[in-house]
1. If I ask for residues that are surrounded by 15 or more Cβ atoms within 10 Å (Cβ to Cβ) and more than 23 Å from B:Ala196 (Cβ to Cβ), which ones from region B:144-156 would you list?
2. So, in region B:100-136, how many residues would count as being open to solvent by less than 60 Å² (accessible area, probe 1.4 Å) and of a type in the set (D, E, K, R)?
3. Taking B:Asn50 as meeting all but one of (1) modelled with pLDDT of 95 or more; (2) closer than 29 Å to B:Ala89 by Cβ; (3) facing chain A (nearest Cβ under 9 Å), write down the number of the exception.
4. Determine the pairs where a residue that is without any contact (Cβ under 8 Å) to a residue 40 or more places away in the chain and more than 14 Å from chain B (Cβ to nearest Cβ), located within region A:200-229, has a partner that is open to solvent by less than 60 Å² (accessible area, probe 1.4 Å) and not small (Gly, Ala, Ser) with Cβ atoms under 8 Å apart, the partner being 6 or more residues away or on another chain.
5. Looking at region B:187-201, I want the residues that are away from chain A (no Cβ under 14 Å) and have a partner that is among the aliphatic types (A, V, I, L, M) and in a strand (DSSP E or B) with Cβ atoms under 7 Å, at least 6 apart or on another chain. Which pairs are those?
6. Before we move on, is A:Pro92 open to solvent by less than 20 Å² (accessible area, probe 1.4 Å), farther than 18 Å from A:Cys175 by Cα, of a type outside the set (A, V, I, L, M, F, W, C) and touching a residue at least 24 places away in the same chain (Cβ under 8 Å)?
7. Could you count how many residues in region B:50-68 are over 14 Å from the mean Cα position of the chain (by Cα) and part of a helix (DSSP H, G or I)?
8. Considering only residues of region B:1-11 that are facing chain A (nearest Cβ under 9 Å) and not in a helix (DSSP H, G or I), which is farthest from the chain's Cα centre (by Cα)?
Amino acid sequence: MAPTAALHLGAGLALKPQHFNEARDCRDSGLWFEVHPENYLVDGGPRLHWLEVIRAHHPVALHGVSLSLAGEDPPDAAHLQRLAALVRRLQPALVSEHLAWSRTGSHYLPDLLPFQRSTAALQRVARHVAQVQDRLQRPIAIENPSHYLPDAFGDWHHSWDEVDFLAELVQRTGCQLLLDVNNVQVSAHNLGFSANAYIDRFPGHAVAEIHVAGHSSDPLLGAGLLIDSHDAPVAPAVWALLNRFVARHGPRPVLLERDGNVPAFDTLRQESSTAADILAHHAVALPLEVTP
Amino acid sequence: MSVNTPLHALAQAIWSEAPADEAPAITRHPAFAVYRNTVLKGCVDALQANYPAVARLVGDDWFQSAATLYARAHPPVDGRLVLYGADFADFLARMEATHQLPYLAPVARLDRMWTLSHVAADAPPALPQHITSLPAEALATLKLAPHPAAQWAWFDGIPARTLWCSNRSDAHPEADPQPPGDLVWRGEGALLTRPALQVQWAPASLGSICFLDACAQGAPLLDAAQAASEAEPGLDLAQLMAQLLDAGALQVPN
């Protein structure tokens with residue numbers, strides 16, 4: 001399934017409530033916005049109203065953090081129902097989630113937690129992705145997570161490589177992929193693999209969206225452990241990974257994430273113009289893969 | 001719910017202060033702390049965002065220790081963290097450390113009422129003409145429902161509303177002008193509504209709180225008015241109706 005629906009999306013920004021007015025009024029070409037749907041799954045009031053105002057002026061993507069697709073339990077039915085209602089209401093350009101878990105039984109853990117990539121885990125994630133796609137009546141894009149734990153430690157080990165796991169997930173479910181190049185950089189640094197090799201092996205045809213963000217060193221463990229903190233500008237190495245992927249596969253919607261030390265809207269716009277430049281450069285060099 | 005699965009073991013190690021002897025080896029890897037810290041910080045930050053007046057009253061250090069205790073005892077049961085902390089006011093009331101701070105749980109309750117008003121369903125508020133256009137004989141049996149975004153409470157013996165609004169950075173002094181310096185230790189009521197998509201609040205008398213309680217239970221106007229007058233002898237019902245309609249506290253009658 002080619003990600004054709006999103007070809008009009010250029011460099012987008014994670015939408016921050018304090019930037020609502022500027023976001024609504026900005027007319028930058030290719031601009032779009034992404035939100036965590038969890039913050040908008042409410043019955044009514046100002047949050048939904050504002051999101052609809054933004055949607056009236058810009059494409060909007062929903063980037064979920066709590067479906068717990070790699071969890072042992074099926075997706076929370078009530079949550080999925082609310083998400084489906086928001087998708088119907090907003091008609092988002094993209095819907096995405098993470099290759100991670102965040103719930104056991106009725107308890108939510110507000111993080112994107114790691115699991116051992118086994119064949120059983122692949123079957124479980126594929127089942128959950130299919131359930132979500134059936135309920136939403138559209139494909140969702142699955143994001144590669146940041147890793148902090150080694151591939152093998154005691155009885156902890158992965159029987160599947162992450163890129164192979166994601167490629168197989170695409171095969172089995174028809175899902176799309178969200179390539180977070182900052183997560184690739186963070187994980188490659190922490191686990192000692194080649195970020196370039198990971199990017200080169202990534203199934204480019206399935207990538208519907210790319211994330212860029214800043215990272216920082218762990219406050220206790222230091223520069224040996226990078227944290228996907230979203231609280232700093234995008235590192236040069238991360239821009240280089242974006243360029244590497246786009247040079248190979250052509251432009252895709254790129255989203256700049258920022259959650260901590262959030263600067264002014266114009267500063268974020270300026271930063272995301274690097275992504276717009278990379279997309280424009282390769283749009284000229286390489287014809288679009290698919291024309292709707 | 002099975003509790004012996006691999007992910008349950010990881011979750012237990014995240015929620016517990018120190019991993020148990022039988023916890024998986026990976027939970028003792030130094031980098032596993034990243035997950036434990038992120039999960040707890042996510043819960044504490046959500047509580048701080050949802051209970052800003054409590055946090056301002058007790059200070060960051062005290063708040064964060066109380067929030068950490070709460071998070072371990074009451075993990076989120078919903079992916080929507082704006083709703084996290086439904087039992088936080090009760091939890092504070094039960095804490096031994098708050099026995100000298102009897103106003104803390106009521107202030108937490110008002111923070112929660114703000115959140116519930118903020119996320120409530122949209123509905124057109126009743127206007128004066130919705131009531132005045134009705135024939136006189138219909139008024140006694142008319143059932144008025146509170147607006148979905150209306151929240152109201154009476155705090156016996158505690159000036160909770162005054163304390164709360166002087167610790168909300170989004171307070172509008174003109175709406176509730178009592179200066180904090182003049183704190184009088186007596187009961188107070190609060191009515192929160194959301195006209196024009198913004199939560200606002202005002203003082204509410206015991207009679208108006210009883211009136212809204214009766215309306216919420218489906219009582220007809222005559223019974224609700226009687227309940228209000230019994231709670232507050234001498235209550236001016238016409239003025240009460242005008243206040244409630246002006247605040248957008250009622251729904252358009254069917």
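The values are calculated or read from the model by the stated rules, or taken from the named source; none is laboratory data. Not measured: the values here are computed from a predicted model. A quick note on method: Cβ atoms are made from the backbone with ideal geometry, for glycine too, and the neighbour counts reach across all protein chains shown. The protein model used for the area step is the full one, side chains on, heavy atoms only, and it has no ligands, DNA or RNA in it. Shrake-Rupley method; radii C 1.70, N 1.55, O 1.52, S 1.80 Å.
1. B:Trp154, B:Phe155 - these are the residues of region B:144-156 that are surrounded by 15 or more Cβ atoms within 10 Å (Cβ to Cβ) and more than 23 Å from B:Ala196 (Cβ to Cβ).
2. Looking only at that region, the number is 2.
3. In the conditions (1) modelled with pLDDT of 95 or more; (2) closer than 29 Å to B:Ala89 by Cβ; (3) facing chain A (nearest Cβ under 9 Å), B:Asn50 misses (3) alone.
4. If the second residue must be open to solvent by less than 60 Å² (accessible area, probe 1.4 Å) and not small (Gly, Ala, Ser), the pairs left are A:Arg201/A:Val163.
5. Close Cβ pairs satisfying both conditions: B:Gly189/B:Ala153; B:Ala190/B:Ala153; B:Leu191/B:Ala202; B:Trp201/B:Ala190; B:Trp201/B:Leu191; B:Trp201/B:Leu192.
6. Considered against the rule, which asks whether it is open to solvent by less than 20 Å² (accessible area, probe 1.4 Å), farther than 18 Å from A:Cys175 by Cα, of a type outside the set (A, V, I, L, M, F, W, C) and touching a residue at least 24 places away in the same chain (Cβ under 8 Å), A:Pro92 comes out as no.
7. So the first thing to find is which residues in region B:50-68 are over 14 Å from the mean Cα position of the chain (by Cα), and the list is B:55-68.
Adding the requirement that they be part of a helix (DSSP H, G or I) leaves B:55-58, B:60-68.
Residues in region B:50-68 being over 14 Å from the mean Cα position of the chain (by Cα) and part of a helix (DSSP H, G or I): 13 in total.
8. B:Thr5
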